[in-house]
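Following: one structure in structure tokens, then a few remarks.
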Amino acid sequence: MATEAVFGVVLLLSAAVAAGNWCVVRSDASEQALQTALDYACSAGADCSPIQPNGLCFLPNTLQAHASYAFNSYYQRKNNAPDSCSFASTSTIARTDPSYGSCVYPSSARTLKSCLVEIAKFYGEAKGLLFRDLKKEVKKVGEAKS
């Protein structure tokens, strides 16, 4: 059981360092649909300040670059809910970090705190299973002596 617990912790740590997800523009999206989706994302909770003039992600000053940043900001703020990267078929989930230069796209990669919480939960469950199995073995020994 201890080996299984260690294996579980290793799996959790592996998941913790897994790459994140980003919501970005689809290459076949039309300019009109992109503009509508960008306007929606910025008005519905995305942080669009980095794509404003003088913002860290303003350049390149293209609709595609700005929409990708806004879509991703919205997606991250909605905790990566599957339907939060659905901008009228103009977006897609990327597994490659679209960040460039000083423009950093937030990602869904887990934080250390969330990893530690998961490990603590797993440890508690493993400890409970170990105790339950130990009680069963003690009971078997007691029954065998009777």
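Among the residues of the range 74-109, write down those that are of a type in the set (D, E, K, R) and over 12 Å from the mean Cα position of the chain (by Cα). Spell out the reasoning first.
At the first step, the residues of the range 74-109 found to be of a type in the set (D, E, K, R) are 77-78, 83, 95, 97.
ASP83, ASP97 - these are the residues of the range 74-109 that are of a type in the set (D, E, K, R) and over 12 Å from the mean Cα position of the chain (by Cα).
Is it the case that ASN72 is surrounded by 15 or more Cβ atoms within 10 Å (Cβ to Cβ) and at pLDDT below 95?
Values: surrounded by 15 or more Cβ atoms within 10 Å (Cβ to Cβ): yes; at pLDDT below 95: no.
Considered against the rule, which asks whether it is surrounded by 15 or more Cβ atoms within 10 Å (Cβ to Cβ) and at pLDDT below 95, ASN72 comes out as no.
Only one of these conditions is not met by ILE93: (1) under 14 Å from CYS42 (Cβ atoms); (2) in contact (Cβ under 8 Å) with a residue 40 or more places away in the chain. Which number is it?
Here ILE93 meets the rest and fails (1).
Can you tell me how many residues in the range 27-64 are part of a helix (DSSP H, G or I), without any contact (Cβ under 8 Å) to a residue 24 or more places away in the chain and under 18 Å from VAL104 (Cβ atoms)? Give the steps one after another, and end with the answer.
The first filter runs over the range 27-64 and keeps only residues part of a helix (DSSP H, G or I), leaving 31-43, 49-51, 63-64.
Next, only the ones that are without any contact (Cβ under 8 Å) to a residue 24 or more places away in the chain stay: 32, 39, 43, 49, 51.
Keeping just the survivors that are under 18 Å from VAL104 (Cβ atoms) gives 49, 51.
So the answer is 2.
The values are calculated or read from the model by the stated rules, or taken from the named source; none is laboratory data. Predicted, not measured: the structure shown is a model, and the values here were computed from it. Neighbour counts run over all protein chains shown; Cβ positions are idealised from the backbone, glycine included.
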